[in-house]
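**Q** Sharing a structure here in structure tokens format.
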Amino acid sequence: MKTLISIISFLLVAATCNSQTFDKTERIIASLKLKYKISEYDKLDDIMCFNKDTILISGYLGDNKTSAEIKNIVYQTFNGGKNWKIRRFKGDAWIYDTHYENDGKVWLGGSDEYVHFSTDYGTTWTTKPKPFNPLNRVLSIYMIDSVYGIAGGLSNGLAITNDNWQTAKQLPTPLDQNKFSISKNSSRNRIDKVQIVDSIILINQNEHIYYSRLNHIDWQVFNIPTRNFSVNQLRKTIELYSIRNKVYVLDAKLNLLVIHIEPDDAYLNQPSRNQKVDITSFLASDIKFTNIKAVKFDFDKMSGGCMPFALYKENAKGLKVNNSESFSSLKNILKTCELYKKPIAQSLKFSEADLTDYYCYYNKIKTQRQEEKYGAEISLTYWT
């Protein structure tokens, strides 16, 4: 007897990409791997393309020839990946976020709590003082020019600088202003994204988008569903990415300029295939019962922001499907290599006992998620 575990995936797209961008990223990574051995512990997170020739790669990276335990390098090329060099910054960090300008200025923020700065495309580095008080990992960083910028911390840190991080001013966050609440030991206070345009600050904290005017910090949410944002410093505009692919373009005074529809990302809609799994032989024997797990995915910046990784995996041992008639439908789902978007109750033929088990598990998870009032809604959806 075997246990078949079916995974229902809820995809939350944090970054867009297309096949052209993906192919370019793959070529860059392939050229780097021809020169250096990238271990399974190394993570190529940020690919900074200053132009077609000058590229810098950061992440969780160490020089495996000397000490793989110390993570303090970036990879640099000035000829489009034909030749690569290792450049070291003073630290030991997983670089979580970067900001760079076409003139060669680069800022790195990461797990060692410092801001690392370069003026020559990452050839040489200086280390700025730690921006947060209390100390905090630098999870996100954004610069308006060479001296004026903002950074968000892994644990509710938010700071702004007017002198390129020689000094920093601490700002209250939406959590500080009780815009939402969490339990004492929760990690749901991270600030994943920060940007400024004119006097407007935008941040993503706890998977909600907030904005405030800089001269008086009072965090507000937009009156439309907003999953992401982007600012254009040249045009002084804000793009709010909403549901059904709608994009709202605002000026720096928050006046609505235009609404347009963002095209679907063809690459992310491609069917998922796993050639390493022998489904046929696995399904040849009887299945005793089925466990269904819910997995929430995000898309990291590795390979151009197209590689999914699980943010959390709920242990759904309490949710078991015992009805043998359901297994034939599940087998058909697994045998087809097509993307299966919405499993419905009628096709899986859940029994009343299965439904009871599901709702018990659902209510248990729902109770656990009540630690936040207005944070990201996390649910195990049952389609009918």
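**Q** What ranking do 246-258, 101-113 get when scored by the average of other Cβ atoms within 10 Å per residue, highest first?
**A** Top of the packing list down: 101-113, 246-258.
**Q** Quick one: dipole size for the range 19-261, taken about the Cα centre, charges +1 on Lys/Arg Cβ and -1 on Asp/Glu Cβ, in debye to the nearest 20.
**A** Around 280 debye, computed over the range 19-261.
**Q** A follow-up question, please. With a bin width of 5 angstrom, please list the P(r) values of the range 19-261 as percents of all Cα-Cα pairs, from the 0 bin to the one holding the largest distance.
**A** Answer for the range 19-261: a P(r) of 1, 6, 13, 16, 17, 16, 14, 10, 5, 2, 0 percent.
**Q** Arranged by the count of other C-beta atoms within 10 angstrom, fewest first, what order do 34, 171 take?
**A** On the way: 34 9, 171 19.
With the sparsest Cβ surroundings first, the list reads 34, 171.
**Q** If each of residue 199 and residue 235 carries a label point 7 Å out from its Cα toward its Cβ, how far apart are those two points in nm?
**A** 2.4
**Q** Compare the Cα positions of 245, 152, 51 along the charge dipole of the range 19-261 (+1 at Cβ of Lys, Arg; -1 at Cβ of Asp, Glu; about the Cα centre) and return the one farthest towards the positive end.
**A** 245
**Q** Cβ under 11 Å from residue 80's Cβ, residue 80 left aside: what net charge do those residues give with Lys, Arg +1 and Asp, Glu -1?
**A** +3
**Q** Hey, another quick one. Using only the Cα atoms of the range 122-233, each taken as one equal point scatterer with no solvent, compute I(q) by the Debye sum, divide by I(0), and report log10 of the ratio at q = 0.10 Å⁻¹.
**A** Result of the Debye calculation: -0.28.
**Q** Determine the distance separating the Cα centre of the range 34-70 from the Cα centre of the range 155-174; give it in Å without decimals.
**A** 28
**Q** Would you order 259, 144 from fewest to most other beta-carbon atoms within 10 Å of each residue's own beta-carbon?
**A** Least to most surrounded, the residues fall as 259, 144.
**Q** Here's another thing I want to ask about it. Using the basic label-point model (7 angstrom from Cα toward the beta carbon), what is the residue 214 to residue 259 distance in nanometres?
**A** Roughly 3.0 nm, to one decimal.
**Q** Report the full-extension gain for the segment residue 147 to residue 60: residue separation times 0.36 nm, less the Cα-Cα distance, to one decimal in nm.
**A** Between residue 147 and residue 60, full extension yields an extra 28.7 nm.
**Q** Can I ask one more? Using a 10 Å cut-off around each Cβ, can you sort 356, 226, 119 from fewest to most neighbouring Cβ atoms?
**A** Sorted ascending by nearby Cβ count, the order is 356, 119, 226.
**Q** If you don't mind, another one. Show me the ranking of peptides 25-33, 121-129 by mean Cβ neighbours inside 10 Å, starting with the highest.
**A** The packing order, highest mean first, is 121-129, 25-33.
Coordinate-derived values only; no laboratory data. Owing to the predicted nature of the structure, the values given are computational and were not obtained by experimental measurement. Neighbour counts run over all protein chains shown; Cβ positions are idealised from the backbone, glycine included.
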